[in-house]
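Structure record follows, encoded as structure tokens.
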Amino acid sequence: MKVELPGCDGHGGPLYIGTGCFHRRESLCGKKYETGYKFDMKKRIEGKVKENGVEVWLSSRGRDYGVINPMSRLEIDLFCPERAAFLGIAPTTLAQMLVQHKRWAEGDFQILLSKCCPFIMGHGRISLGLQWGTPSTVYGLLIACQPCATLFYHPFTFLRALLCFQSPWFIPYAFVIVAANAYYLAEFMWRGGTLKGLSSSGFDVTAKVSEKDVSERYEKEIMEFGSSLSGMFTIIATLALLNLFCLVGGLKRIALNLVDSGFETMFLQVLVCGTAVAINLPVTSHTKRRRKKMGLDTYVRIRIMDFIITTISRRLDLIEAELLDQHIQRVPAALCYITFIVTTLRVYCRYKDELPCIDIFVCTADPKIEPPVLAINTVLSVMAYNYLPEKLSVYLSDDGGSDLTFYALLKASVFSKQWIPFCKKFNIEPRSPAAYFSTTESKCASLDPVLSQESAAIKKLYKAMEDQIETATKLGHIPEHTGFSEWASVTSQRDHQSILQIIIDGRDSNAVDADGCALPTLVYLSREKRPNHPHNFKAGAMNALLRVSSKISNGQIILNVDCDMYSNNSDAVKDALCFFMDEQKGDEIAYVQFPQNFSNLTKNDIYGSKMDVITKAELPGCDGHGGPVYIGTGCFHRRESLCGKKYETGYKFDMNRRIEGKVKESVNELEETSKVLANCTYEEGTQWGKEMGLKYGCPVEDVITGLSIQCRGWKSIFFCPERAAFLGIAPITLAQMLVQHKRWAEGDFQILLSKCFPFIIGHGRISLGLQVVYSIYCLWAPNCLPTLCYLILPPLYLLKGIALFPKITSPWFIPYAFVIVAANTYYLAEFMWCGGTLKGWWNDQRAWMFKRTMSYLFAVIDTAFNLLGLSSSGFDVTAKVSEQDISDRYEQDIMEFGSSLSGMFTIIATLALLNLFCLVGGLKRIALNLVDSGFETMFLQVLVCGTAVAINLPVYQALFFRKDKGRLPISLAFKSFILALLACKIFLY
């Protein structure tokens, strides 16, 4: 007011601030200023008449009321007399001030984004200085966008080792901080301010009155908060407490010498964070100490603590939380758990009588590689969900058509009458019996004698059931039982009729557990298969389940899990419903995808199965573009979206409507009428596999189905809770991992080459960002080509003494060095941030190299053959069981090769030996000075070749040194040796 606006006089005058302003009527009514214009003060105003005793202004311009055009070339002057011309009422509460400034900033920002932007409208009409001085420019760019700059200085966004005192780069930071603040302080004091008044603001004429106690606190310079703007105050208080917590924690780390160079390194961060804490002292006093009307209300405090505790506790897991005091860790963890309980209970209690029915699909395909015991443990874990049992139905799809799987499910249905009440009585986790007894049963005795006693009794029942199932599996036949007559007509797993049995009927009042509580519905299904009809693998099984379940239970929400993916969190179903039942965005959600976690991973994850970077960074990032891909398991679906319904604006999910198709037939009648829906001829002439259900014709039916759902207008959510919702079994041999990734890469590559290419099918339907996300995974397979080039060409040219890259002394070496260092440093930092280890990162690099040189290569070849009609796509089920010695080697981080995939392993061994031969030969040529400039010229090729040799150390051990069954066969070693040697000889000559 005393500096900026008076300074505008030299550029054409200040802005109009809405009050205390004398206007020339002609300018206000739209007249343009013209050179030579003279104002005649003696001239009477035209059109001044009297009508009914009232003077009316009849100027033609005066009738058109509107906003004055600031570009009319009329100059404006600011006059600031010694004695103030006008006095108003300044805001007496923080809420008044914030609302006032929000309106100003919003209006100025709207001008900036409109055709009235000063640089557009004022170009050639007003001076450049006035264009910059116009508030829509300054306030729009700086004030409205200031939250972005403010949040940039959030303590977490700084690098850990920002400039220290001794660094020369500290000087510009110090200069900017000191100069900017000293200049503003001098300017403020020159205008007549006080040292404490640095945080005062302008006036607001909106509110003219306040309560007496509010006025008294204002006169005492006590900031007024209250509860009128809980949203804004939540942000203020959250940032204040966040900076306070981070400052205390950071100073503690410095005091305990947990940071290199301590205070010198972290000085600027301490300064920024400490300044924020000092500025926010009135906020923290309101949050913690003051309890009168002007303090923050309880609701705001709860929201603040919820956000702060969640954020801090998550960050503690990522920044060496184990080094901090254990008592400090327990408080956030406990409060986070309370917050989680409150959130789920809110939904559960609010909609308890209106909660949707849920159908759970558990899929298994082969009892030899997916043992029946494994499948029933998953079934039991989801039957024990903390959910209304009368609204829960579990379906086991046995695509192997095995009577052993059916027998195991019958036994599990009996055991569930004891297991489910035991789980809910003691609230145990996980609720897979095998997982529970193997991980937590030993702790029960010391914690709770009652739990220990009942746990021992339940374990005895489980072991008896498990022994019966395993005995039948070893014998290859089962005891006589009603219901097994169905298998008399079964010719083979690929040739049998539909087999359907409702083992537990949730409608039956007698279907209760040991405590008299209702049991979930339990259904066994083995769809019809005939040799002359395609069965479409897992997609066909899922579509059969969709149709059969629509007849029996018709749940509005569907969860599908693989048979090895047991439930690790009994409240995961409530977490998913929080998204589906959200009042604002829930209606547009098609599916909620949980991450694929594993229970058998070793610390250093030798096969790179964890994929934490994908599940903790990439897939959560998809939420901002429309949602993640569907990964085939651990996913809650909305039945309507999975059955082909398009999302339309305004669609509302009616939770109160009754489930259509709820029947009153007897169990036998219902079984017979439902079997027809699982026949292999039912889909002929229908849209199943095309527009309805999961799509056919692709090895990754899940990815292409998720893409088609999102192209129909639906959104999806990726949710990664603190406690994993599902735990599966990761591959424990290299062959299993390679076959799995070969199927994934082949299916994604087929999508890329089909009409379902994301940039084609998704154009105008999904966001560009989501199209890019799908394309990244579709391009996995072609990655084999550049990888093979780098593993073959640089080593061979190194052996021959021909340089492919610039010398170290060349300036062209810099971009190569930058890419190598930056890419690997970034990925290492990302991997460590996601909870990995340094050795785990190295194992992950090896796994990716093996995938690219074998899985992806064979995926490209098979896709080419498929397009040429020389072969058809298959679906290889990943084995879930292995021999004991293989499991022992896996736990010791010893890579398992064997002889199951001789073709792929021949490629691995040949490339490993080729790089070894070329590295030795190339170093020999450099040592004998047979290469110009020697090491300088060949450095990058030595680096590439040496890295390949280091990554392949387990391959050399398996070729020459190991004696166990997991080594590579001697015949394969001999063949690879000859191929690598021939390649070197042929290239040299």
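The values are calculated or read from the model by the stated rules, or taken from the named source; none is laboratory data. Owing to the predicted nature of the structure, the values given are computational and were not obtained by experimental measurement. Glycine also receives a Cβ, built like all others from the backbone with ideal geometry; neighbour counts cover every protein chain displayed. Note: accessible area is taken over every heavy atom of the protein model, side chains too, but ligands, DNA and RNA are not part of it. Shrake-Rupley method; radii C 1.70, N 1.55, O 1.52, S 1.80 Å.
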- Message: I want to confirm something. Restricting to region 346-364 and keeping residues that are modelled with pLDDT under 90 and assigned to a loop (DSSP other than H, G, I, E, B), which single residue is farthest from ASP398 (Cα to Cα)?
- Response: TYR351
- Query: Among (1) of a type in the set (A, V, I, L, M, F, W, C); (2) in a loop (DSSP other than H, G, I, E, B); (3) under 21 Å from PHE580 (Cβ atoms), where does LEU619 come up short?
  - Reply: (2)
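Yes/no per residue for (1) open to solvent by 50 Å² or more (accessible area, probe 1.4 Å); (2) touching a Ser or Thr at 6+ places or on another chain (Cβ under 6 Å):
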site	(1), (2)
TRP487	no, no
GLN497	no, no
SER509	yes, no
VAL512	no, no
GLU528	no, yes
HIS533	no, no
MET542	no, no
VAL548	no, yes
ASP575	no, no
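Yes or no, residue by residue, for (1) open to solvent by 30 Å² or more (accessible area, probe 1.4 Å); (2) within 30 Å of SER381 (Cβ to Cβ); (3) part of a helix (DSSP H, G or I):
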site: GLU684; (1), (2), (3): yes, no, no
site: VAL703; (1), (2), (3): no, yes, yes
site: GLY706; (1), (2), (3): no, yes, yes
site: GLN710; (1), (2), (3): no, yes, yes
site: CYS720; (1), (2), (3): yes, yes, no
site: MET737; (1), (2), (3): no, yes, yes
site: SER754; (1), (2), (3): yes, no, no
site: HIS763; (1), (2), (3): yes, no, no
- Query: Would you pick out the residues in region 446-469 that are surrounded by 15 or more Cβ atoms within 10 Å (Cβ to Cβ) and under 41 Å from the mean Cα position of the chain (by Cα)?
  - Reply: LEU451, SER452, GLU454, SER455, ILE458, LYS459, LEU461, TYR462, MET465, GLU466, ILE469
- Item | Selected residue [more than 20 Å from PHE422 (Cβ to Cβ) and out of contact with any Ser or Thr (no Cβ under 9 Å at 6 or more places or on another chain)] from ASP403, ASP399 | ASP403
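Can you pull out every residue in region 532-543 that is in a loop (DSSP other than H, G, I, E, B) and in contact with a strand residue (DSSP E or B) (Cβ under 6 Å, 6 or more places away or on another chain)?
Within region 532-543, just HIS535 meets the criteria.
For every residue, the table says whether it meets (1) farther than 21 Å from ARG712 by Cα; (2) among the hydrophobic types (A, V, I, L, M, F, W, C); (3) buried (at least 21 other Cβ atoms within 10 Å of the Cβ).
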{"site": "LEU601", "(1), (2), (3)": "yes, yes, no"}
{"site": "ASN604", "(1), (2), (3)": "yes, no, no"}
{"site": "GLY608", "(1), (2), (3)": "yes, no, yes"}
{"site": "MET611", "(1), (2), (3)": "yes, yes, no"}
{"site": "GLU618", "(1), (2), (3)": "yes, no, no"}
{"site": "HIS625", "(1), (2), (3)": "no, no, no"}
{"site": "TYR630", "(1), (2), (3)": "no, no, yes"}
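One line per residue, one yes/no per condition, for (1) in the same structural domain as SER855 (by the TED database); (2) out of contact with any helix residue (DSSP H, G or I) (no Cβ under 6 Å at 6 or more places or on another chain); (3) within 30 Å of LEU943 (Cβ to Cβ):
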site: SER708; (1), (2), (3): no, yes, no
site: CYS711; (1), (2), (3): no, no, no
site: ALA725; (1), (2), (3): no, no, no
site: GLU746; (1), (2), (3): no, no, no
site: TYR777; (1), (2), (3): yes, no, yes
site: ILE792; (1), (2), (3): yes, yes, yes
site: PRO795; (1), (2), (3): yes, no, yes
site: ILE802; (1), (2), (3): yes, yes, yes
site: PHE805; (1), (2), (3): yes, no, yes
- Expected single match for open to solvent by less than 50 Å² (accessible area, probe 1.4 Å), basic (Lys, Arg) and not in a loop (DSSP other than H, G, I, E, B) among LYS695, LYS675 is LYS675
- Note on the structure: Those residues of region 791-850 that are in a helix (DSSP H, G or I) and among the hydroxyl-bearing types (Ser, Thr, Tyr) come to a total of 5
- When you go through (1) under 35 Å from the mean Cα position of the chain (by Cα); (2) in contact (Cβ under 8 Å) with a residue 12 or more places away in the chain one by one for ASN824, which number turns out not to apply? (2)
- Message: With the structure loaded, tell me whether THR863 is farther than 26 Å from PRO794 by Cβ, assigned by the TED database to the domain that holds CYS984, at pLDDT below 95 and not in a helix (DSSP H, G or I) or whether it fails that test.
- Response: no
- Item | GLU640, sole failed condition from (1) at pLDDT below 90; (2) assigned to a helix (DSSP H, G or I) | (1)
- Message: I'd like the full set of residues that are within 20 Å of LEU546 (Cβ to Cβ) and open to solvent by less than 10 Å² (accessible area, probe 1.4 Å), limited to region 365-382.
- Response: ALA375, THR378, VAL379, VAL382
- Query: Hey, any hits in region 537-546 for a residue that's within 30 Å of PHE831 (Cβ to Cβ) and basic (Lys, Arg)?
  - Reply: no
